[in-house]
Structure formats: structure tokens, C-alpha cells
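Beneath this line is the structure, given in C-alpha cells, with notes to follow.
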Amino acid sequence: DNLTYTLHDANNLISYPFAASQTIGDALPHNVEDAVFAIVGEGVASINLGGAWAGSLNGFNGGSGYWFARPSGVEEISFEYNAPSAGDARLLASDLPEVPEAYSYTQSTEQGFYFVESVMINDEPMNDNNWIVAYNDDVVVGARMWNGEYTDIPAMGNDSSTETVGYMELGSTPSFKLVNANGSIVDLYVDGSIDGWTNNGVSVITLTDAAPIPSTIALNNSYPNPFNPTTTISFSIPVEMNVDLNIYE
């Protein structure tokens, strides 16, 4: 009782103090909901869509901690959770579909989430419950079955353990593939921009099966740079042409 939390700007890791579970909307005062744009748990997250929460995190469970994501530079806000009622004493977390073994990954202590607003296949919104898999180069770093708008795709980061070698690094960007029910794989592309990966980062993207056509010649940032022994270098060309790519020490 009377346990007060203070939320600073950016990311705040706090506990949920009650034994009884609650939905996010029931547990948080309205002014706190308005001040938080996303909440992240272990392998799950939800994003605030004007007071409605979307994602795989259904609510708070006793004994668990959560990251509260806020914009940088905002003022501190203090609050107390709403106390649960007697009818709330149940586990809220629903079991997510088990990831196929071919696309399994290790839960890292570092993680980011990309909320997919829509997936366009042949210029039509996808409604099937297919799997979306996130990669760092050719390493699977997350997967989630599509369950509608704002499905959250986890992207695990390299936390220096042997199990997470090759996972996301600060500033890198994941790629995505669609795995159909028949096992076929479709490359997906981000329609628009995508934020670089950060630990506990949350962003919204739209995916499509149509590869974007560059409008200009561009040499993109290599990652990592400096590199040893490998790096990834990408470039864009608007038409077919001969390209010389030179690397200087």
C-alpha cells in the first residue's frame, strides 16, 4: 500500500507490487497511461495507441518487472498503481504460439520491439496467421505469429553471452521474412523508414513484399565500422548500372 513510483524520461524499469494480476488500463491511472508510450516485459511488449494498448503484453503479473518507455526530456511523474479487486487474482499472460524450431531464438537480456502496423502482400493487407521472422544478417533474432495490426516482433540483442552471438547491436537494423503456412518464405521490406535497434527500443513499421526502388545513388553506412573481421555494406542504385565498390584502410 502507498508505494509511490517516479517515472523519469526515457526508459524506467519498475516492479508491479501486487500479487493479483491486472490489465494495463486497470492498473495505471489515466494520467500515467498518457505519459507512457510503450511497456516492455520479457519477450513481450505493448504500445499505447491513444489510450488503447496493442501488442503481446496483456497486463501486469505479480512478481514481474517492466520497462516503461517515455520520450526523452519529459518531466518526471509520480504515481501509485490502482489496487486490484478480488476478481483480478488470475494470471493475465496468455500463451503465445510456440515458435517453430527452425526459427527459434534465445531470450536475451537485451531486446527491442518493432510493432508492425500492417503487412502488404501483392498490394493487399495480409490477414493470415503467418509467422514474421526477424533477422540480423542471417541470424534469427525474433519471431511472432501475425495476429493483426500492431503485432509486435521482438528483436533480441547481443548481451555478450555465447547464446546471443550474432544478435542485434546498437544502431543495426533487422530484416524480416514472412513464413507461410506451407513453409514458403517471402522477403519483406520496410515501407518507409525504420529506427536502428536499441535495447528496449520500440518503434512502428509497415512491411510489404514489394522491394522499394531507390530514387538516387546512395552508399549507406556500413556496420560495424571499424570492422574486424567482417562488415556489411549496402548501396542503392535507381537503374541497372556497373558499380565499383572500393574499401580503403
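The values are calculated or read from the model by the stated rules, or taken from the named source; none is laboratory data. Bear in mind that the values here come from a model prediction, so they are computed numbers and not experimental data. Here the Cβ is made from the backbone with ideal geometry for all residues, glycine too, and neighbour counts use every protein chain on show. Each accessible area value is taken on the protein alone, full model and side chains, heavy atoms only, with ligands, DNA and RNA left out. Shrake-Rupley method; radii C 1.70, N 1.55, O 1.52, S 1.80 Å.
Counting residues that are within 15 Å of the chain's Cα centre (by Cα), among the acidic types (Asp, Glu) and closer than 17 Å to Val44 by Cα, which strands (runs of 3 or more DSSP E) fully inside the stretch 139-249 reach at least 1?
151-156
Could you tell me which residue of the stretch 177-188 is farthest from Val202 (Cα to Cα), considering only residues that are open to solvent by 50 Å² or more (accessible area, probe 1.4 Å) and free of Cβ contacts under 8 Å to residues at least 24 places away in the same chain?
It comes out as Asn182.
Those residues that are open to solvent by 40 Å² or more (accessible area, probe 1.4 Å) and over 12 Å from the mean Cα position of the chain (by Cα), I need them from the stretch 104-116; list them, please.
Ser104, Tyr105, Thr106, Gln107, Thr109
Only one residue in Tyr81, Tyr135, Tyr114, Tyr103 is among the aromatic types (Phe, Trp, Tyr), in contact (Cβ under 8 Å) with a residue 60 or more places away in the chain and farther than 28 Å from Leu28 by Cβ, so which one is that?
Within the list Tyr81, Tyr135, Tyr114, Tyr103, the selection yields Tyr103.
Each row is one residue, and each column tells you yes or no for (1) among the basic types (Lys, Arg); (2) open to solvent by less than 30 Å² (accessible area, probe 1.4 Å); (3) at pLDDT 95 or above; (4) more than 21 Å from Phe37 (Cβ to Cβ).
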position: Ile132; (1), (2), (3), (4): no, yes, yes, yes
position: Tyr135; (1), (2), (3), (4): no, yes, yes, yes
position: Arg144; (1), (2), (3), (4): yes, yes, yes, no
position: Met156; (1), (2), (3), (4): no, yes, yes, yes
position: Asp159; (1), (2), (3), (4): no, no, yes, yes
position: Thr164; (1), (2), (3), (4): no, yes, yes, yes
position: Ser175; (1), (2), (3), (4): no, no, yes, yes
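Can you list the strands (runs of 3 or more DSSP E) found entirely within the stretch 16-64 that contain at least 1 residues being in contact (Cβ under 8 Å) with a residue 40 or more places away in the chain, closer than 22 Å to Val74 by Cα and open to solvent by 10 Å² or more (accessible area, probe 1.4 Å)?
45-49
Across the stretch 122-138, which residue is nearest to the chain's Cα centre (by Cα) among those that are within 13 Å of Leu188 (Cβ to Cβ) and assigned to a loop (DSSP other than H, G, I, E, B)?
Among residues in the stretch 122-138 that are within 13 Å of Leu188 (Cβ to Cβ) and assigned to a loop (DSSP other than H, G, I, E, B), the one nearest to the chain's Cα centre (by Cα) is Asn130.
Can you find even one residue in the stretch 201-216 that is out of contact with any Gly (no Cβ under 9 Å at 6 or more places or on another chain), of a type in the set (A, V, I, L, M), at pLDDT below 90 and surrounded by fewer than 16 Cβ atoms within 10 Å (Cβ to Cβ)?
yes
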